[in-house]
Amino acid sequence: QVQLVESGGGLVQPGGSLRLSCAASGSIFSIYAMGWYRQAPGKQRELVASITIGGSTNYADSVKGRFTITRDTAKNTVYLQMNSQKPEDTDVYYCNAALAFRAYWGQGTQVTVSS
């Protein structure tokens, strides 16, 4: 079992920044990658960014150059730094932990970009 606790969502103006955090606990030794996804009402959940245990990162084209995913292995925490935010970044953001045979999800945190 892996538990994921997200924090850091909220309201930000266009062009502003937010940082999301996802703290993992439980069977963390089995995790080979963690990532952030987002989902708007009525739409499929989509990958925003991911990072493997080796440190390799992957980003959606829509966030490249604006968002950065990092990790603190000592704290078992993954971060998503979101800069130059746009209204279309408004979504519920979910943390994901990928294991060999299943994935775990956080409860989701709302990010709203609006003036």
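The values are calculated or read from the model by the stated rules, or taken from the named source; none is laboratory data. Keep in mind that this is a model prediction, so the values were computed, not measured. Here the Cβ is made from the backbone with ideal geometry for all residues, glycine too, and neighbour counts use every protein chain on show.
Quick notes on this one:
- Residue among V111, V63, V78, V48 that alone is of a type in the set (V, I, T), part of a loop (DSSP other than H, G, I, E, B) and modelled with pLDDT of 95 or more: V63
- Region 18-62 - residue that is in contact (Cβ under 8 Å) with a residue 40 or more places away in the chain and over 14 Å from the mean Cα position of the chain (by Cα) and, of those, surrounded by the most Cβ atoms within 10 Å (Cβ to Cβ): I31
- Output for region 24-49, where each listed residue is closer than 17 Å to S7 by Cα and small (G, A, S): A24, S25, G35, A49
- Qualifying positions in region 87-115 - out of contact with any strand residue (DSSP E or B) (no Cβ under 9 Å at 6 or more places or on another chain) and either touching a residue at least 60 places away in the same chain (Cβ under 8 Å) or surrounded by 15 or more Cβ atoms within 10 Å (Cβ to Cβ) (or both): A100, S115
To keep it simple, each residue is scored yes or no on (1) more than 15 Å from T90 (Cα to Cα); (2) hydroxyl-bearing (S, T, Y); (3) in contact with a Ser or Thr (Cβ under 6 Å, 6 or more places away or on another chain).
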position: A33; (1), (2), (3): yes, no, yes
position: W36; (1), (2), (3): no, no, no
position: P41; (1), (2), (3): no, no, no
position: N58; (1), (2), (3): yes, no, yes
position: G65; (1), (2), (3): yes, no, no
position: R71; (1), (2), (3): yes, no, no
position: K75; (1), (2), (3): yes, no, no
